[in-house]
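Asks: Handing you this structure, nothing more for now.
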Amino acid sequence: MKHLFNLKTLNKAFLISFCLLSSLPTPQPVSANQLKNSEGTLLARTSRKAKSQPKYDEKYILEFNRSPIVGNRMRLRGVYSEGRLGFTRPRGWDVGTVKAAIRFQHSPALYANRSNLTVLVNDTAVGSIPLNRKESKPGNVLVNIPTNLLQEYNELKIVAQQNNSSGCSDPSDPTLWTEILPDSKLIFNYNRKEIPLNFSNYPYPFFDNLNLETNNIVYLEPKSTSESWLEGAARLQASLGRQAEFRPIETSLISDVSDVSANERLVIIGTPSELPGLADLKLPRKIAGSKILDANNNVIPEDTGVLILTTTKKGKVPVLIATGNGPVGVEKAARLLAQPSSQRMGTGQVVLVNKLEETVTPGKREWPRYLPESSSFELSEIKTQVNGDAFRDVTVRGSAAPAIEIDFRALPDDRFVRGSSMNLVYSYGPQMNPRTSAVEVLLDGVFIGGARLDSDEGEMRKNLKVDLPAKLVKPDSKLQVFFRMNPKEPFDKVNCISPPDQQLTGTVHSDTSFDLKRENSVQLPNLKLMQYGFPFAAPQDLSETAIVLPQQPSSTDVLTMLAFSERLGRLSRADAIKLEVYTPNNLPSEVRKNEHLVGIGTRDNFPLPDVFKAPGFNLARSFGRGSAQASVTVPQDQQGMIKQILSPWNGDRVVLALTAQTDTGLERVQQVLGKDPWFFQLKKDTVLISSDKKNPAAYDPDAYELAFFDNAPETRRIEDTNLLSKMTRMLQENWLLVPVGVVGLSLILYGIVQLYLKRISTSKNR
């Protein structure tokens, strides 16, 4: 992760900046004493005088170290250097004041009269101080940021102008440095805006992609948990996961509307007869005899879905209601929210869903954020960039130009063979040093090709063929194209003149092409593939995945279902969500046989008991403790377990078990599913999850202990390849058998020859 970002990569920088911003608990308010060191806080010179502000009741502190761009350090080097940090302005905030409390440390070699630190917001300077700290002691600067500068997406830029003499400073001098300390922060004072009750804004206010806080979703549990409620909640949670992408969501259940907190968003699913709590809300439509009435006080048909936006009685918490006078209507209402193309038609506080057509299921290998299905394609066809747009020509400038990054995600069931290549089409400008300038291509940080930029006049649309190593291309791969551009003239130390470099340009063209040699081949079970949603997200509308819960699911079972659904939503992209949810008594045999199954529940209440009969899938044995001297079982073990096996009903499908011996263990499973740093460690076919902490922090390295095992009773390679490819793969995977085979074949041939010679000798003797 780079500390500095070029302006042309700003949109991507913003998105990356916020993947971890709100995943941690909100820090405690900062005090004035915390901002001071032994010599006090320096106040930045600003171009605007502070004005009196009305009272703002709420405070939020955004620490720099919660951004992956900053991490543990942001170091600025050279005579002129910039550091950048993206932040958003939540839609529901009426921001009163914003302050940047920046802590820094700089080289003791800096010449104070010619060194300073300037803070800019959206390219407008808001404060500046000299870099004059003695003995490299930490300093502080508190900057007021005018709220009229704030937009939805904002950029905080910190510029260091650094010199170590009164005359000439060499830009490459290592003593020219300033470090922005990770406990620097932005301090927001704000009031919450009135909640807009209009479906044209959906998913806001239930999910705000500009939020700095965690989005908290709360479901109201019905009197009895039906399959229709479970399926509606699972699909809605998956759709929220798609909206969230990398942003965190905290989900919980309540049994009464009065239990909802002010910072939460309430979701209610079901008919009025299933949800007596509806009577506690102010609704824009009347309910009479457990039936919803239309604007003319007529009973709405049972096959019509009803979506309602309202708030709790105090008007503090938004409420989303997916209801109807029958299960068909409720299903329609919930399904509309999971279909973006249809959902966008909604407006106003009430939406009646009269007709809702089923969407077409995409192909199993139609994954929008991955490489195209075809073997030959151009860069413009890769729609895997952060904003989802097709790649266009990208130009970088200057000797410190950043890499041009291209998401190059192979499909999870792709197996690459030799012969894949990339034809890079690029251009570069004149005035480069031909001895030190070059273009380089890297795949996941590994150099795979390059060429010198050796023309004094530059070149247009030059081609460079690069081989793509088969073993390097993975479902999370990135291609990087670096233009190493240096000016002809060296740094003039006598006159202290740095050669200009902004005329140096390099361009990657969108008609850069690829020719891939790959086949459809994957080994199952494999939890590592679940990091990409495979096989449950094939197809991407989740139509071949079914979740099975106990007949009477507990709250822990339901929350685990919601955590898994949300994760699948984050890992998939489609026009609909067709995830299915069943209980054992109602699981159709064709679903059991033809779909991937996800069983959720503790050992004593697991909904698919047949899978325990499979060799190697004995839950009690999985939680046992053994050695050469002893073997014990711990019945109350509070570990959680995620285990994948081939389905006993169909060898081309898998069964995923999210289970434990206790509810506490199942909560561990929820937590790992919901937290990226832990979920993206999954591998092999079994993981045991343990923790000594009740609610571990996402980035606490000691939060969980994960133990991985390969003990599936059976494995299977799912593939669509020819016989030659299968034989080649088998030899590659079992190359140690080749010499054994050669020796064996030689012995057989030797025996045949000896037998033949013996027969010839016998016939001659006769």
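Asks: What residue, among those in segment 76-116 that are of a type in the set (D, E, K, R) and out of contact with any helix residue (DSSP H, G or I) (no Cβ under 7 Å at 6 or more places or on another chain), is surrounded by the fewest Cβ atoms within 10 Å (Cβ to Cβ)?
Replies: Here the answer is 94.
Asks: Scanning for something of a type in the set (Val, Ile, Thr), assigned by TED's automatic domain parsing to the domain that holds residue 339, in contact with a Leu (Cβ under 6 Å, 6 or more places away or on another chain) and crowded, with 16+ Cβ neighbours inside 10 Å, does segment 270-290 turn up at least one residue?
Replies: Kept after step one, since they are of a type in the set (Val, Ile, Thr), are these residues of segment 270-290: 271, 287.
Filter once more, keeping what is assigned by TED's automatic domain parsing to the domain that holds residue 339: 271, 287.
Next cut, in contact with a Leu (Cβ under 6 Å, 6 or more places away or on another chain) only: none.
No; the residues of segment 270-290 include none that is of a type in the set (Val, Ile, Thr), assigned by TED's automatic domain parsing to the domain that holds residue 339, in contact with a Leu (Cβ under 6 Å, 6 or more places away or on another chain) and crowded, with 16+ Cβ neighbours inside 10 Å.
Asks: Among the strands (runs of 3 or more DSSP E) confined wholly to segment 531-606, which include 1 or more residues that are aromatic (Phe, Trp, Tyr), in contact with a helix residue (DSSP H, G or I) (Cβ under 7 Å, 6 or more places away or on another chain) and farther than 30 Å from residue 370 by Cα?
Replies: Hits in segment 531-606: 580-582.
Asks: Okay, next question. Quick check on this structure: which one of 189, 164 is in contact with a Gly (Cβ under 7 Å, 6 or more places away or on another chain) and not aromatic (Phe, Trp, Tyr)?
Replies: After ruling out the rest, the residue left standing is 189.
Asks: Assess whether residue 500 counts as being at pLDDT below 95 and either in a loop (DSSP other than H, G, I, E, B) or among the hydrophobic types (A, V, I, L, M, F, W, C) (or both).
Replies: Working: at pLDDT below 95: yes; either in a loop (DSSP other than H, G, I, E, B) or among the hydrophobic types (A, V, I, L, M, F, W, C) (or both): yes.
For residue 500, the condition - at pLDDT below 95 and either in a loop (DSSP other than H, G, I, E, B) or among the hydrophobic types (A, V, I, L, M, F, W, C) (or both) - is met.
Asks: Residue 327 fails exactly one of the following numbered conditions: (1) modelled with pLDDT of 90 or more; (2) buried (at least 21 other Cβ atoms within 10 Å of the Cβ). What is the number of that condition?
Replies: (2)
Asks: On to the next question. Would you kindly identify the strands (runs of 3 or more DSSP E) lying entirely within segment 131-195 that contain at least 3 residues that are of a type in the set (Lys, Arg) and outside the structural domain of residue 93 (by TED's automatic domain parsing)?
Replies: The strands (runs of 3 or more DSSP E) meeting that bar number zero.
Asks: Further, regarding this structure: Looking only at segment 206-236, which residues are of a type in the set (Asp, Glu) and at pLDDT 90 or above?
Replies: Matches in segment 206-236: 208, 221, 227, 231.
Asks: Considering only segment 535-557, state which residues are under 16 Å from residue 608 (Cα atoms) and among the β-branched types (Val, Ile, Thr).
Replies: Within segment 535-557, 545, 547, 548 meet the criteria.
Asks: One residue is enough: does segment 155-178 have a residue meeting the conditions surrounded by fewer than 19 Cβ atoms within 10 Å (Cβ to Cβ), modelled with pLDDT of 90 or more and within 28 Å of residue 263 (Cβ to Cβ)?
Replies: no
Asks: Does residue 392 count as closer than 29 Å to residue 571 by Cα and outside the structural domain of residue 503 (by TED's automatic domain parsing)?
Replies: Details: closer than 29 Å to residue 571 by Cα: yes; outside the structural domain of residue 503 (by TED's automatic domain parsing): no.
Spelling it out, it is not the case that residue 392 is closer than 29 Å to residue 571 by Cα and outside the structural domain of residue 503 (by TED's automatic domain parsing).
Asks: Something else now. Across segment 659-701, what is the number of residues that are over 22 Å from the mean Cα position of the chain (by Cα) and free of Cβ contacts under 8 Å to residues at least 40 places away in the same chain?
Replies: Counting residues in segment 659-701 that are over 22 Å from the mean Cα position of the chain (by Cα) and free of Cβ contacts under 8 Å to residues at least 40 places away in the same chain gives 5.
Asks: Continuing with this model, one more query. What is the one condition in (1) in contact with a Cys (Cβ under 6 Å, 6 or more places away or on another chain); (2) among the hydrophobic types (A, V, I, L, M, F, W, C); (3) at pLDDT 95 or above that residue 246 does not satisfy?
Replies: Just one mismatch for residue 246, condition (3).
Asks: Being at pLDDT 95 or above, in a strand (DSSP E or B) and within 30 Å of residue 169 (Cβ to Cβ), is that true of even one residue in segment 414-429?
Replies: yes
So that you can scan it fast, the table gives a plain yes or no per residue for (1) in a loop (DSSP other than H, G, I, E, B); (2) assigned by TED's automatic domain parsing to the domain that holds residue 463; (3) aromatic (Phe, Trp, Tyr); (4) under 24 Å from the mean Cα position of the chain (by Cα):
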{"position": "330", "(1), (2), (3), (4)": "no, no, no, no"}
{"position": "364", "(1), (2), (3), (4)": "yes, no, no, yes"}
{"position": "380", "(1), (2), (3), (4)": "no, yes, no, yes"}
{"position": "402", "(1), (2), (3), (4)": "yes, yes, no, yes"}
{"position": "411", "(1), (2), (3), (4)": "yes, yes, no, yes"}
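Asks: Of the numbered conditions (1) at pLDDT 90 or above; (2) over 40 Å from the mean Cα position of the chain (by Cα); (3) of a type outside the set (Asp, Glu), residue 305 fails exactly one; give the number of that condition.
Replies: (2)
Asks: Considering only segment 690-702, I want to know if a residue exists there that is at pLDDT 80 or above and closer than 23 Å to residue 645 by Cβ.
Replies: yes
Asks: Turning to a different aspect of this structure: Take the residues of segment 438-478 that are on the phi > 0 side of the Ramachandran plot and outside any strand (DSSP E or B): which is nearest to the chain's Cα centre (by Cα)?
Replies: 444
Asks: Shifting gears a bit: What single numbered condition from (1) β-branched (Val, Ile, Thr); (2) closer than 30 Å to residue 500 by Cβ; (3) more than 28 Å from the chain's Cα centre (by Cα) fails to hold for residue 147?
Replies: For residue 147, the exception is condition (2).
Asks: Further, regarding this structure: Which residues, taken from segment 498-540, are buried (at least 23 other Cβ atoms within 10 Å of the Cβ), in contact with a Ser or Thr (Cβ under 6 Å, 6 or more places away or on another chain) and not aliphatic (A, V, I, L, M)?
Replies: Passing the criteria: 536, 540.
Asks: Can you name the condition, by its number, that residue 425 falls short on among (1) out of contact with any Asp or Glu (no Cβ under 6 Å at 6 or more places or on another chain); (2) farther than 30 Å from residue 528 by Cα?
Replies: So residue 425 meets the others, but not (1).
Rundown of residues vs (1) at pLDDT 55 or above; (2) closer than 22 Å to residue 559 by Cα; (3) in contact with a Pro (Cβ under 8 Å, 6 or more places away or on another chain), yes/no style:
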| position | (1), (2), (3) |
| --- | --- |
| 593 | yes, no, no |
| 596 | yes, yes, yes |
| 603 | yes, yes, no |
| 614 | yes, no, yes |
| 626 | no, no, no |
| 630 | no, no, no |
| 637 | yes, yes, no |
| 643 | yes, yes, no |
| 648 | yes, no, no |
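Asks: Being among the charged types (D, E, K, R) and surrounded by fewer than 14 Cβ atoms within 10 Å (Cβ to Cβ), is that true of even one residue in segment 439-450? Give the derivation first.
Replies: Kept after step one, since they are among the charged types (D, E, K, R), are these residues of segment 439-450: 440, 444.
Filter once more, so that each one left must be surrounded by fewer than 14 Cβ atoms within 10 Å (Cβ to Cβ): none.
No, segment 439-450 contains no residue that is among the charged types (D, E, K, R) and surrounded by fewer than 14 Cβ atoms within 10 Å (Cβ to Cβ).
Asks: Right, here's the next one. Tell me which residues, restricted to segment 207-258, are acidic (Asp, Glu) and either more than 16 Å from residue 671 (Cα to Cα) or assigned by TED's automatic domain parsing to the domain that holds residue 586 (or both).
Replies: 208, 213, 221, 227, 231, 245, 256
Asks: State which residue pairs qualify: first residue farther than 20 Å from residue 515 by Cβ and inside segment 389-412, second residue at pLDDT below 90 and among the acidic types (Asp, Glu) in any location, beta carbons under 6 Å apart, and separation of 6 or more residues or different chains.
Replies: Close Cβ pairs (under 6 Å, with a partner that is at pLDDT below 90 and among the acidic types (Asp, Glu)) amount to 398/501; 399/501.
Asks: Quick one: residue 712 ticks every box in (1) crowded, with 19+ Cβ neighbours inside 10 Å; (2) not in a loop (DSSP other than H, G, I, E, B) bar one, so which box is it?
Replies: (2)
Asks: For segment 332-358, which positions are more than 30 Å from the chain's Cα centre (by Cα) and buried (at least 18 other Cβ atoms within 10 Å of the Cβ)?
Replies: Correct list: 350, 351, 352, 353.
Asks: Here is a further query. Here are some residues: 466, 439. Which one is in contact with a Lys or Arg (Cβ under 9 Å, 6 or more places away or on another chain) and at pLDDT 95 or above?
Replies: Just a single option satisfies the conditions, and that option is 439.
The values are calculated or read from the model by the stated rules, or taken from the named source; none is laboratory data. These numbers come from a predicted model, not from an experiment. Neighbour counts run over all protein chains shown; Cβ positions are idealised from the backbone, glycine included.
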